[in-house]
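To start, the structure under review is shown below, and the notes come after it.
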Amino acid sequence: RTEFALKEIMSSGGAEDDIPQAERKTVTDFCYLLDKSKQLFNGLRDLPQYGQKQWQSYFGRTFDVYTKLWKFQQQHRQVLDNRYGLKRWQIGEIASKIGQLYYHYYLRTSETSYLNEAFSFYSAIRQRSYYSQVNKEDRPELVVKKLRYYARFIVVCLLLNKMDVVKDLVKELSDEIEDYTHRFNTEDQVEWNLVLQEVAAFIEADPVMVLNDDNTIVITSNRLSETGAPLLEQGMIVGQLALADALIIGNCNNQVKFSELTIDMFRMLQALEREPMNLASQMNKPGMQESTEKPARRENPHKYLLYKPTFSQLYTFLAASFKELSANSVLLIYLSATGVFPSGRSDSEGPYDFGGVLTNSNRDIINGDALHKRNQSYKEMHCLHPGDLYPFTRKPLFIIVDSSNSVAYKNFTNLFGQPLVCLLSPTAYPKALQGAKCISLSIDLFFFFRSVSASLFVSGLSSMRRGLWEKCQDYLRKINRDIAQLLTHSRSIDQSFLQFFGDEFLRLLLTRFVFCSATMRMHKIFRETRNYPESYPQLPRDETVENPHLQKHILELASILDVRNVFLENTLDDY
């Protein structure tokens, strides 16, 4: 590449001797940095996807080279324009690679501030029209680079809840795809149209909207805010465990997704993050941060996002997380997956006799929610059974199962005496709620990240005003404080719940789970036991999900929302 660039200099500027030595060195240095950056970037694919230490030094070197490359092209733009023939799309490609670096660094560290850095570079590409001249060149591969840039930018904006930008990008991407397919008549037209359909469904997946007075949509965040989790009060005796690692697994059939992120995975990963801060807010232009300026402490639990993993892949990541889990740390497993049910009746009731949830196989995907093994004498091979998780209960384990066979995990046994909790979704929802919105979003998970909206949704409403939303949020914080007191003051609650209660993320999940369960038990259309969430170990109902004080709060919240008519007034008398 360097030799080619020097030949270009000679052809454009006359004899090689006529080119100032400094300018020739500038081009040579730029070519070296460009080649080195591409080499390092391509090497990222070879890094192990699991483990938190092996990749850090390599990422650091890649960041350093791209920092130098970005600054170098800024400082020597005129020489590179004249002597190298640097095109704007090439600058855009460098900025796009830096955006990808920050995004992948976010995936590796779960530090949401890096999303803002990725957004900064992707925005610069759009604002400065780096890719604007690509369409004039008769090179379809360059247009594909532009389309991929749009898709990556959309993912980052979705994660940052920048929905207005997402809608603008989708419109621009649609126009670009139409132009691309019209000019080149390529075979990937169907794939790019599918990308548009996926992101459109993702945007529409929220069943409840919060509206301003002018009917514009309020963007609400699912991440943990400073006032999100109830504070620990004096007298609350809880454990000192901290959530360190989370596996977020999505393997549901027919669920809304974009890229390799289902809507359930998307919601859960945000529920395990704090609001991001901008690392470069003091900078006028997008710029790379030196390694010494990166946050010294990671406040979010580390996450692995696994879309339709095989059993081998799931177990590999699980083992890696388990291995690196330090003392007083918790591993969270979130399973959003199709239910696998036992075939035939079994004489035993062991951890492999109740089925579990589906893992992917290398053969054709099997459609349908329930899988039945042809040979009934064997267990389903492509299934994560409760027994498969037993080895990992040697350390504190917090499991959330969102599946039509979640109750399989109710039959756990705590073999090693370590803190262990399983929160289990309902296995079925009332027919009145089994519409398109419900397919794309688990109601149980909906309560985890947006309790007020969930209460409204199960009551048949689809929108609310911002003032009402804020009033309900204030009241919900009071409810969560009271639930925290109910749990910590209970005399019969299993100690595992209290061991996890010291962690802010887990505390909020537990209080929302109790609120979800209590609300569903009071709702008139949730009348079957399979409509209710369950847990292992079982919560003491009279002290938590059926507590009269909590029920009174739920009715008061229903009154604020003007949906009290769909709740049972004398709940305890109806059981």
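For this structure, a couple of remarks:
- Ordering Q485, V563, M464 by the projection of their Cα atoms onto the charge dipole of the range 446-574, which places +1 on the Cβ of Lys and Arg and -1 on the Cβ of Asp and Glu, puts M464 at the extreme positive end.
- Accessible surface ranking for E556, E187, 1.4 angstrom probe, highest first: E187, E556.
- Magnitude of the charge dipole for the range 464-505, about its Cα centre and with charges confined to Cβ atoms of Lys, Arg (+1) and Asp, Glu (-1), is about 320 debye.
- Extension gain for R541-N215 works out to 113.3 nm (0.36 nm per residue, less the C-alpha to C-alpha distance).
- Legend: calculated FRET efficiency, E178 to M381, from the Cβ-Cβ distance at R0 = 30 Å, rounded to 0.05, equals 0.10.
- Residue by residue, the range 504-518 carries 3J(HN,Hα) couplings of 4, 5, 5, 4, 5, 4, 5, 5, 5, 4, 5, 4, 4, 4, 5 Hz when phi is fed to the Karplus relation 6.51 cos²θ - 1.76 cosθ + 1.60 (θ = phi - 60°); x denotes Gly or Pro.
- Protein heavy-atom accessible surface, 1.4 Å probe, per residue over the range 446-574: 40 Å².
- Whichever lysines have a C-alpha closer than 20 Å to that of K552, once near sequence neighbours (fewer than 8 apart) are set aside: K471, K478, K524
- Alpha-carbon Debye profile of the range 15-205, log10 I(q)/I(0) at 0.10, 0.19 Å⁻¹: -0.48, -1.36
- Residues with amide H under 5 Å from that of S329, placed H, sequence gap 5 or more: A242
- Projecting label points 7 angstrom from Cα along Cα→Cβ for S225 and A428 puts them 3.9 nm apart.
- Residues of the range 213-251 with amide N under 13 Å of a point placed 7 Å along Cα→Cβ from E275: 219-229
- Dividing the C-alpha radius of gyration of the chain by 2.2 N^0.38 Å, with N its residue count, gives 1.08.
- Virtual spin-label span in nm between T186 and Q74, 7 Å along Cα→Cβ: 3.1
- D29 accessible area, 1.4 Å probe, all protein chains in place, Å² to nearest 10: 50
- Distance between the range 215-248 and the range 136-173 - C-alpha centres, whole angstrom: 32
- Within the chain, percent of DSSP bridges classed antiparallel, to nearest 5: 25
- Contact order normalised by residue count of the range 15-205, Cα under 8 Å, 6+ apart, percent: 15
- Inter-centroid distance (Cα atoms) of the range 390-405 relative to the range 33-52, Å: 33
- Between the listed residues A432, Q75, Y105, the Cα displaced farthest toward the positive end of the dipole of the chain, a dipole computed from Cβ unit charges relative to the Cα centre, is found at Q75.
- Rounded to the nearest 10 square angstrom, D179 shows an accessible area of 50 square angstrom against a 1.4 Å probe.
- The alpha carbon centroids of the range 69-108 and the range 476-517 are separated by 49 Å.
- The magnitude of the dipole of the chain, with charges of +1 and -1 set on the Cβ of Lys/Arg and Asp/Glu and taken from the Cα centre, is near 620 debye.
- For H76, the solvent-accessible surface computed with a 1.4 Å probe is close to 60 Å², ligands and nucleic acids excluded.
- Additional length obtainable on full extension of the chain from T413 to K167, 0.36 nm per residue less Cα span: 83.8 nm
- Its Cα centre serving as origin, the range 446-574 has a Cβ charge dipole (Lys and Arg +1, Asp and Glu -1) of approximately 400 debye.
The values are calculated or read from the model by the stated rules, or taken from the named source; none is laboratory data. The model shown is predicted, which means the values in this text are computed figures rather than measured ones. With ideal geometry, Cβ positions are generated from the backbone for all residues, glycine too; neighbour counts draw on all protein chains shown. Heads up: the accessible areas ignore ligands, DNA and RNA and are worked out on the full protein's heavy atoms, side chains in. Shrake-Rupley method; radii C 1.70, N 1.55, O 1.52, S 1.80 Å.
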